[in-house]
1. Can you pull out the residues in the stretch 30-47 that are assigned to a helix (DSSP H, G or I), of a type in the set (A, V, I, L, M, F, W, C) and in contact with a strand residue (DSSP E or B) (Cβ under 9 Å, 6 or more places away or on another chain)?
2. Out of the residues in the stretch 51-74 that are out of contact with any Asp or Glu (no Cβ under 7 Å at 6 or more places or on another chain) and under 13 Å from C169 (Cα atoms), which is most open to solvent (accessible area, probe 1.4 Å)?
3. Is there a residue being touching a strand residue (DSSP E or B) at 6+ places or on another chain (Cβ under 7 Å), among the polar types (S, T, N, Q) and either modelled with pLDDT under 90 or within 23 Å of H137 (Cα to Cα) (or both) anywhere in the stretch 77-92?
4. What number of residues within the stretch 96-122 satisfy the criterion of being farther than 18 Å from A159 by Cα and touching a residue at least 12 places away in the same chain (Cβ under 8 Å)?
5. Please count how many residues of the stretch 105-133 are among the aliphatic types (A, V, I, L, M) and more than 17 Å from the chain's Cα centre (by Cα).
6. Given the residues L48, L39, L5, which is the only one that is at pLDDT 95 or above and of a type in the set (A, V, I, L, M, F, W, C)?
7. Could you count how many residues in the stretch 60-80 are part of a helix (DSSP H, G or I) and touching a residue at least 24 places away in the same chain (Cβ under 8 Å)?
8. Being crowded, with 16+ Cβ neighbours inside 10 Å and out of contact with any Leu (no Cβ under 6 Å at 6 or more places or on another chain) is the filter here; which residues of the stretch 31-47 pass it?
Amino acid sequence: MCFLLTYRHGHDIVKANVSRLIPVMSESAMRSDVIKRGLERAPHRALLRAMGLSPRELEQPFVGVVNSFSEVIPGHKHLQTISQAVKEGVYSAGGTPFEVNTIAVCDGIAMNHPGMRYSLPSRELIADSVEILAQAHAFDALVFIASCDKIVPGMLLAAVRLNIPSIFCAIVAVVSPLTKGYVITISHIGRLGSPLWSVVTDVPALAPCPLEESPPPEPPVGDAEPNLAVPPEPPIISSVNISYKLGK
């Protein structure tokens, strides 16, 4: 089972959807029973209690929260906020969350230098690391908090291999305080006919996008057609030209 969420769904909706995992697991025996039930598992329970888990939390389904948060990737800036909402959703539904992490490579930063050779292999490392964590700790379910090119497919590979209940939180871009209320996506970098610094200094040229949800457009009056005109975009320049200009 897989649900697809985005950060724009909001904190409460993320919690509500994550809580749907618990009824699925309550229908059958839990995978985590192999590390927490029986006299022979007393050492395992001792280690879990050492982390502060209560007897009640030991009885609940164990949910791994796989967070790809990294301070080197712009799209990961807010993933810790997402993970907090996920863990609250698991708790509210009667589960016990455990946050774990994977490596993460920013494709944009890794390009055009020897680091680009490491981006694709990171996908396999992510898939392997998630599988190892889930099997070694016998998680009953997983919630994936993913963003960036190789991280999402790496986590999907792990979910297919494990075949246990999973939720994916697909993350969208955050609004930087430098944008002055404008949303700037990665595609704008290729559409500006000037060096990269103009992405933040020339923001009035972009369409404004307030942080709050905009009200729906007014319906057309009579036979008037709605105005769907979109301002023309500047010519696209390649990443090679951007790198060249920045080098100058």
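1. I35
2. Looking at residues that are out of contact with any Asp or Glu (no Cβ under 7 Å at 6 or more places or on another chain) and under 13 Å from C169 (Cα atoms), I get F69.
3. Yes, because at least one residue in the stretch 77-92 is touching a strand residue (DSSP E or B) at 6+ places or on another chain (Cβ under 7 Å), among the polar types (S, T, N, Q) and either modelled with pLDDT under 90 or within 23 Å of H137 (Cα to Cα) (or both).
4. Looking only at that region, the number is 11.
5. Counting residues in the stretch 105-133 that are among the aliphatic types (A, V, I, L, M) and more than 17 Å from the chain's Cα centre (by Cα) gives 8.
6. L48
7. Let us first name the residues in the stretch 60-80 that are part of a helix (DSSP H, G or I), namely 74-76, 79-80.
With touching a residue at least 24 places away in the same chain (Cβ under 8 Å) added as a condition, the list becomes 74-76, 79.
Here the count works out to 4.
8. Matches in the stretch 31-47: R31, S32, I35, H44, R45.
The values are calculated or read from the model by the stated rules, or taken from the named source; none is laboratory data. Small disclaimer: the values here were computed from a predicted structure and weren't measured. Positions of Cβ are backbone-derived with ideal geometry, glycine not excepted, and every protein chain shown enters the neighbour counts. Calculation scope for accessible area: heavy atoms of the full protein, side chains included, ligands and nucleic acids excluded. Shrake-Rupley method; radii C 1.70, N 1.55, O 1.52, S 1.80 Å.
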